[in-house]
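Rule-based calculations on the coordinates, nothing more; no lab input. Only a predicted model underlies this, so the values are computations on that prediction, with no experimental measurement involved. Using ideal geometry, Cβ is built from the backbone for each residue, glycine included, and neighbour counts are taken over all protein chains shown.
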Amino acid sequence: MSPRKGIALLLATLLAVGTLSACQKATANPAPTVQATPTAQARAATATAPAGGVDIALAAIQWPQTDVIARVNGVDIKTAAWKAEVTRQLEMVTAQYQVDWNDKANIDRLPQVLDPVLDEMISTELLRQLADKEGIKVTDAEVQKTTEDTKQQVLAGGQFKDFDAFLQAYNLTPDAFDALMREQTLYDLMLAAHGGPDTVEQIHARHILLSDEATAKEVKAKLDAGADFAELAKTYSIDTSNKDNGGDLGWFPRGQMVPEFDNAAFALQAGQTSDIVKTDYGYHIIRVDERGERPLQEPMASQYHQQQFADWLNAERAKAQIERFYTPPPTPTPPAEPTGPTATPGS
């Protein structure tokens with residue numbers, strides 16, 4: 001498996017089908033989350049709630065009693081706004097994925113839902129403040145373009161007969177959707193301002209991934225003796241995504257790989273081969289074929305800009321005065337349904 005950084009887990013996926021591969025590295029992304037194309041599982045869902053409907057989840061949450069749930073540089077985030085967003089997302093996920101909240105595993109995940117919603121609201125508020133400080137203003141024309149582009153993407157998928165059906169499926173009022181589009185437009189403007197340049201230093205590299213150090217040493221000895229790197233990758237590498245191409249990872253900029261791999265790869269000049277590099281994926285031997293300044297290409301460009309933006313926003317968060325007045329406590333498990341006949345007197 002290539003050690004590229006992964007994308008943060010979707011809330012709906014977290015609740016409905018559990019977590020993805022543990023080797024993926026989450027990346028902070030404060031962009032509003034409107035999923036335009038539901039999965040087959042979501043498309044098959046009916047409007048009828050499952051036996052363990054959302055009311056069970058909402059009742060299991062120990063809601064804070066304070067009016068303010070967080071504060072960002074002196075600006076309050078109201079508990080009522082957070083509760084409304086938590087409720088909306090839970091209703092959406094429950095309907096789309098038929099989540100059964102009688103399932104203890106789903107109830108146990110509720111704190112993993114509450115915290116990210118608040119975290120996103122904090123990031124959004126901070127982003128508004130930073131945009132104001134930089135004089136970046138969202139115009140109605142820009143919001144309208146974002147809205148039209150999003151509607152086209154939604155309807156192009158063919159899953160919804162019209163846009164109202166999409167809003168209903170995702171439990172969005174027209175006003176809530178308009179607010180999301182304004183947030184998305186602000187995010188896009190700030191991403192353009194802080195997502196880094198379009199032309200950056202990149203390397204064209206290969207690697208051979210081994211499962212154990214002994215095999216890695218064996219392969220490294222063969223390389224030192226003059227064996228061909230690409231042929232050894234085809235024979236030994238356990239990274240099935242690129243071994244048949246001689247371990248070719250293509251061109252990539254800094255920050256797209258896990259740190260140990262990234263640091264070792266960018267320390268090499270063209271034509272150089274690394275020593276054995278250990279990461280969570282195993283043992284790597286890296287060769288750099290070329291390096292230089294190059295324009296970023298998609299999808300790498302989007303990944304790079306989003307990572308640069310996330311790094312910038314995380315740094316700004318570290319400098320901001322952020323107060324959180326609520327930590328989700330463990331949620332109680334709902335009482336189990338009877339599994340057999342109930343005894344009656346005299347039976």
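What are the ³J(HN,Hα) couplings of the range 300-307, residue after residue, when phi is run through the Karplus curve with 6.51, -1.76, 1.60 and θ = phi - 60°? Round to Hz, x for glycine and proline.
So the J values, rounded to whole Hz, are 4, 4, 5, 4, 5, 5, 5, 5.
Each residue of the range 138-143 in turn: what ³J(HN,Hα) in whole Hz from Karplus with 6.51, -1.76, 1.60 and θ = phi - 60°, glycine and Pro shown as x?
With coefficients 6.51, -1.76 and 1.60, one gets 8, 9, 4, 5, 5, 5 Hz.
So the label point goes 7 Å from the Cα of ALA193 along Cα→C-beta, right? Which residues of the range 137-177 then have their backbone N under 15 Å from it?
Only 137-139 pass the distance filter.
With +1 on each Lys and Arg Cβ and -1 on each Asp and Glu Cβ, and nothing else charged, work out how big the dipole of the range 119-254 is about its Cα centre, in Debye to the nearest 20.
360 debye
Roughly how many Å is it from the Cα centre of the range 120-144 to that of the range 266-285, as a whole number?
41 Å
Taking the number of other C-beta atoms within 10 Å as the exposure measure, put ILE208, ILE203, ILE285 in order starting with the fewest.
On the way: ILE208 31, ILE203 23, ILE285 26.
Fewest-to-most Cβ neighbours within 10 Å comes out as ILE203, ILE285, ILE208.
If packing is taken as the average count of other Cβ atoms within 10 Å, what order do 62-68, 248-254 fall into, highest mean first?
Ranking, from highest mean packing down: 248-254, 62-68.
In a shell of Cβ-Cβ distance under 12 Å around ILE285, excluding ILE285 itself, what net charge do Lys and Arg (+1) and Asp and Glu (-1) give? Write out the running numbers ahead of the final one.
Values: positive: ARG206, LYS217, LYS220, LYS222, LYS278, ARG287; negative: GLU213, GLU218, ASP224, ASP239, ASP275.
Net local charge, ILE285 excluded: +1.
Which net charge results for the neighbourhood of ASN73, defined as the other residues with beta-carbon distances under 15 angstrom from its beta-carbon, given Lys and Arg at +1 and Asp and Glu at -1?
Residues close to ASN73 contribute a combined charge of 0.
Just the number, please: Stokes-Einstein D of the range 242-288 in µm²/s, Kirkwood Rh from C-alpha pairs, 25 °C, 0.890 mPa s.
220 µm²/s
Find how much the distance from ALA105 to ASP164 grows on full extension, using 0.36 nm per residue of separation minus their present alpha carbon separation; answer in nm with one decimal.
17.9 nm
Which pairs, out of LYS83/LYS137; LYS243/LYS278; LYS78/LYS137, put more than 20 Å between their alpha-carbon atoms?
Values: LYS83/LYS137 28 Å; LYS243/LYS278 18 Å; LYS78/LYS137 24 Å.
Cα-Cα > 20 Å for LYS83/LYS137; LYS78/LYS137; rest within.
What shape does the range 199-295 have by the C-alpha gyration tensor, where a ≥ b ≥ c are the square roots of the eigenvalues, rounded means a/c under 1.5, and otherwise prolate means a/b greater than b/c and oblate the rest?
prolate
What are the residues whose amide H is under 5 Å from the amide H of TRP101, where those residues sit 5 or more places off or on another chain and H is modelled from the backbone?
Amide H to amide H, under 5 Å and 5 or more residues apart or across chains, TRP101 pairs with GLY52, GLY53.
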